[in-house]
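Worksheet for the structure shown next.
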Amino acid sequence: MKVLLVYAHPEPRSLNGALRDVAVLELKAQGHEVQVSDLYADGWKSHVDRADFPSLARDERFVPVAASKKAFETGTLTEDVRAEIEKLRWADALILQFPLWWFTMPAILKGWVDRVFAYGFAYGVGEHSDKRWGDRYGEGTLAGKRAMLIVTAGGWEEHYAPRGVNGPIDDLLFPINHGILYYPGYDVLPPFVAYRVDRFAESGFDPVVERLRQRMRTLFTTRPIPYRQQNGGDYLIPSMQLRPALGDPGATGFALHVNNEDHATADSSTSGTRERASSPTPESPAPKPHTTTLGNVCLE
């Protein structure tokens, strides 16, 4: 299978850099083809402006959505954007890897999404009628492919628990998992998250590496998060409200859009963020994180 890993960290000698290398080595050991888009190393342009649409007339008002639609339809997107779109078409699975900065992805990765997820490619596709509201949320150009996040966070795991002060990690990542990845059709896997990485002792590296290797081994067998498909009957069209009979009465928020009713009957070993077991495979030693350290403190 083919895997695209989009990597967003400015320091190649960081823990993130080491985890990226672990993921790539394990995927290749499993026989997969891998491409890496290293956004900082590539000097990725992280904002959308007129320069992204060279065919736009100088005196024409710049409307990003309309310009994106026209450029995609006419094949006039910039070369760097076209190259990333071709990688997404090529890949059977997409991995986004990043440190959690201010509760979201770094700006350079958000800029990759803003520029690459063009109108007509990642959104604005499919029929709009009284029965369908476009091909999105489980349908779309990227349907049938898989996606997952590799995330590092400085806070404790407890801080991101359901009652943690930072908010549940599943809620914090929902706009990415559901709003960016599920929207154009990806089957989205539970995220891989490493916590307390700004206080990461070397003794804690090997367990994290083994967890990551396990997720790479099961990239194509792990059960996706059971998000509700927009056009699958759970939502009223055109209001896009979840039908009253679905979900817990009185419940609101992101969790409503996960179909736990059906998922509860599935194999519990693949639910939530648990990793499935698999047969061990021959492994090369994990690359150690080339991090900047002060005692047991290391930069993520």
*Using helices alone, what [θ] at 222 nm do you get for the chain, with -39,500 (n - 2.57) per DSSP H run of 4 or more residues, divided over all residues and rounded to the nearest 500?*
-7000 deg cm²/dmol
_Under 22 Å between alpha carbons, and skipping anything fewer than 8 positions from Lys87 in its own chain: which lysines qualify?_
Lys2, Lys28, Lys45, Lys69, Lys70, Lys110, Lys145
*Please compute the net charge surrounding Gly164, taking Lys and Arg as +1 and Asp and Glu as -1 over other residues with Cβ under 11 Å from its Cβ.*
-2
*For the range 9-47, state which trypsin sites (Lys or Arg not before Pro) are in a DSSP loop and have at most 14 other beta carbons lying within 10 Å of their beta carbon.*
Arg13
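When the convex hull of the Cα atoms of the range 1-121 is projected onto a plane and the area is averaged over all directions, what value comes out in nm²?
Numbers: hull surface 32.8 nm².
Computed as one quarter of the Cα hull surface, the answer is 8.2 nm².
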_How much of the DSSP bridge set in the chain is antiparallel, in percent, rounded to the nearest 5?_
25
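Given the range 40-153, what percent of its DSSP beta bridges are antiparallel, to the nearest 5?
Approximately 20 percent, going by the DSSP bridge assignments.
Values in this text are rule-based calculations from the coordinates and carry no lab data. Since the model is a prediction, treat every value here as computed from it, not as a measurement. In this analysis, Cβ positions are derived from the backbone assuming ideal geometry, glycine residues included, and neighbour counts consider all displayed protein chains.
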